[in-house]
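Working notes, structure below.
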Amino acid sequence: MAAVYRGKQPSLAQLRAFAAVAQHLHFRDAAAAIGMSQPALSGAVSALEEALGVQLLERTTRKVLLSPAGERLAVRAKAVLGEVEALLEEADAVKAPFTGALRLGVIPTVAPYLLPTVLALVHEKYPDLDLQVHEEQTSSLLEGLAAGRLDLLLLAVPLGVPGVTELPLFDEDFVLVTPLDHWLGGREGIPREALRELNLLLLDEGHCLRDQALDICREAGRENLGAGRSPSVEGGGGRRAGAPVTTTAAGLSTLVQLVAGGLGVTLLPRTAVRVETSRSSQLLTGYFADPAPTRRVALAMRSGAARAAEYAELAEALRGALRPLPVRVL
């Protein structure tokens with residue numbers, strides 16, 4: 001167990017005075033270097049010797065020498081002063097906006113489509129910000145935010161979670177992705193009621209996009225929302241009134257490929273359409289009649305977060321950067 005020092009605690013001024021003398025070995029030069037008067041410098045070193053209970057200097061009429069103890073403790077004093085300087089620099093960095101680490105959590109149905117815009121914005125506008133990205137499902141992100149593991153989230157809202165403040169960014173429509181021969185393929189003005197008749201493929205449980213799609217189906221009057229195990233359709237264009245909702249994929253890329261293979265249809269947010277449908281020539285996109293089903297995407301932070309003003313500024317910058325995307329910026 002380390003020994004506990006029980007003498008007087010030396011001050012930083014005393015350490016600075018001693019370090020200056022140890023460097024210059026001359027009281028006048030040392031005093032000038034740190035902006036102290038020579039008597040004050042001499043008094044600070046004497047006070048340090050008294051506090052530590054050791055002689056640090058050998059004083060003669062012609063020069064100043066370090067004692068053996070002074071040689072050893074000068075190294076320690078320099079290290080302490082270096083750490084204090086680093087502490088002060090770090091404090092200045094913390095006070096400066098958009099510096100240091102920012103741990104951003106993103107849901108999988110947002111990350112591939114919005115991160116290019118987010119990363120480009122941060123690189124251009126906030127080059128001193130150390131952005132660290134974590135892709136997780138909503139429940140894990142919220143746990144990380146509450147525990148302090150994450151600072152800011154990018155996800156679909158509303159969350160309805162106490163202690164979490166949402167900074168809305170945009171609304172985006174859902175579109176219907178179908179095989180080439182589906183009866184709704186490529187159509188516009190599709191009524192929501194059409195969802196009552198479709199073999200709908202959804203993401204696995206735990207994805208908020210699955211829950212949003214199920215809510216859209218309920219709003220359309222669909223009642224049989226249980227998950228089936230054997231997705232099949234009467235050809236890509238067949239109608240199956242009352243077909244069960246079937247969970248078949250852990251990610252949107254796989255989900256869309258299943259649609260291309262004729263196993264059913266799915267709902268995609270507009271920001272995902274270009275990326276996901278470009279991988280296959282066997283897909284068509286249908287658009288719902290107004291008002292189309294939508295989702296809202298936002299940043300979320302702990303209520304009362306120390307960097308709240310910073311996050312609000314980032315949200316505003318993101319709104320501007322996201323305008324070229326097929327969304328309605330808020």
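The values are calculated or read from the model by the stated rules, or taken from the named source; none is laboratory data. Note that the structure is predicted; figures quoted are calculated from it, not measured. In this analysis, Cβ positions are derived from the backbone assuming ideal geometry, glycine residues included, and neighbour counts consider all displayed protein chains. With ligands, DNA and RNA removed, areas are computed over all heavy atoms of the protein, side chains included. Shrake-Rupley method; radii C 1.70, N 1.55, O 1.52, S 1.80 Å.
What longest region of the chain stays clear of GluC sites (Glu not before Pro) that DSSP places outside H, G, I, E and B and that have at most 13 other Cβ atoms within 10 Å? Answer - 1-187.
A simple spin-label model places pseudo-atoms 7 Å from Cα toward Cβ; at His24 and Ala250 they are separated by 6.7 nm. Mean sequence separation of contacting Cα pairs (under 8 Å, at least six apart), scaled by the length of the chain, corresponds to a relative contact order of 20 percent.
Atom-type composition of the exposed protein surface of the chain places 52 percent of the accessible area on carbon and sulfur (1.4 angstrom probe). Rounded to two decimals, the Cα radius of gyration of region 87-169 over 2.2 N^0.38 Å is 1.17. Couplings 3J(HN,Hα) of region 186-196, computed from phi: x, 7, 10, x, 5, x, 4, 4, 4, 5, 5 Hz, in residue order, whole Hz [Karplus 6.51 cos²θ - 1.76 cosθ + 1.60, θ = phi - 60°; x for Gly and Pro].
In the full protein context, the chain carries 51 Å² of accessible surface per residue, based on a 1.4 Å probe and ignoring ligands, DNA and RNA.
Calculate for the chain the 222 nm mean residue ellipticity that helices alone would give, adding -39,500 (n - 2.57) per DSSP H run of length 4 or more and normalising by residue count, nearest 500 deg cm²/dmol. The helix contribution divided over the chain gives -12500 deg cm²/dmol. Report the paramagnetic label zone for Leu65: residues of region 12-46 whose backbone N is under 15 Å from a point 7 Å from Cα along the Cα-to-Cβ axis. So the set is 25-26.
Of all DSSP-defined beta bridges confined to region 45-179, some 25% are antiparallel rather than parallel. State the antiparallel share, in %, of DSSP beta bridges confined to the chain, rounding to the nearest 5. Of those bridges, close to 65 percent are antiparallel. The chain gives an Rg/Rh value of 1.31, both radii derived from C-alpha positions and Rh following Kirkwood. Averaging 1/r over each pair of different alpha-carbon atoms in region 1-146 and inverting the result gives 19.5 Å, the Kirkwood hydrodynamic radius.
Averaged over all directions, how much area does the convex hull of the C-alpha atoms of region 4-82 cover when projected, in nm²? The partial results should precede the final answer.
Details: hull surface 19.9 nm².
Dividing the Cα hull surface by four gives the mean projection, 5.0 nm².
If R0 equals 35 Å, the separation of the Cβ atoms of Ala289 and His123 corresponds to a calculated FRET efficiency of about 0.30. Between the listed residues Ala74, Leu145, Gly105, the Cα displaced farthest toward the positive end of the dipole of the chain, a dipole computed from Cβ unit charges relative to the Cα centre, is found at Ala74. Ratio of Rg to Rh for region 242-330: 1.08 [Cα atoms; Kirkwood radius as inverse mean 1/r over pairs]. For Thr138, the solvent-accessible surface with a 1.4 Å probe is about 20 Å², rounded to the nearest 10. Ignoring lysines fewer than eight residues from Lys63 along the same chain, the ones with Cα atoms less than 24 angstrom from its Cα are Lys78.
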